[in-house]
Every structure is written in structure tokens, then in C-alpha cells.
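This report refers to the structure that appears directly beneath it.
The values are calculated or read from the model by the stated rules, or taken from the named source; none is laboratory data. All of these numbers come straight from a predicted model, not from anything done at the bench. Virtual Cβ from ideal backbone geometry, glycine too; neighbours counted across all protein chains shown.
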Amino acid sequence: MSEMTFDRMVEQMTPAIYDSLKQAVSLRKWPDGRVLTAEQVELCLEAVIKYEAEHGVAPDQRVGYLDRSGCGSDGGGESGDERGSDGEETLTWVN
């Protein structure tokens, strides 16, 4: 039996496996409810990101995507587009 490498495993991932890993990373749990270890989260996330890059997943569908199209469009402080004293954009969390 040949050894399965990480790259080869990602190449053979189906969309269903990708979705399952993406959900596991998001919830930090396997589908059966067991909690992922930190190492499992890291490996699953790496596999998901590699899958997305190799399969041309749309940017707005990728893990970690932030929709910034509405941020700061009106130029007001209420939108969360504020500048700190160093000129860097700051985020304001609103609950």
C-alpha cells in the first residue's frame, strides 16, 4: 500500500469532504460531536485552504472571507471606517 501524502489527500478530497472539514473547523467539532484538538483544527484548516486554492473556490466562499464592500462607503464614523493616529484603519465591533 502506498503512503498517502497531505498533498495527495487534498487532491483526492471530494466537495462533500471539503464541506465537512470546513464545518468541523467552524464548529471546532467533528460531525459526531467530538471536539477537535488544536492540531486537528490546524490540519483541517490547512487542507480546506489548500483545497480552495487548487479548486478555484470563489473568494467570497473561502474560509476567513470578510465582506468589506459596505465598510466605509458613506465616509461616516458609524460605518466602522475610522483611522487611528497612525493612519491605519480600525474596526469597531457592534453587538
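Some observations on this one:
- Residue within segment 15-31 that is of a type in the set (K, R), without any contact (Cβ under 8 Å) to a residue 24 or more places away in the chain and surrounded by 11 or more Cβ atoms within 10 Å (Cβ to Cβ) present: yes
- Looking across segment 32-71 at every residue that is outside any helix (DSSP H, G or I) and β-branched (V, I, T), the one that is modelled with the lowest pLDDT is identified as V63.
- Residues being closer than 17 Å to V63 by Cα and out of contact with any Leu (no Cβ under 9 Å at 6 or more places or on another chain) - total across segment 23-37: 2
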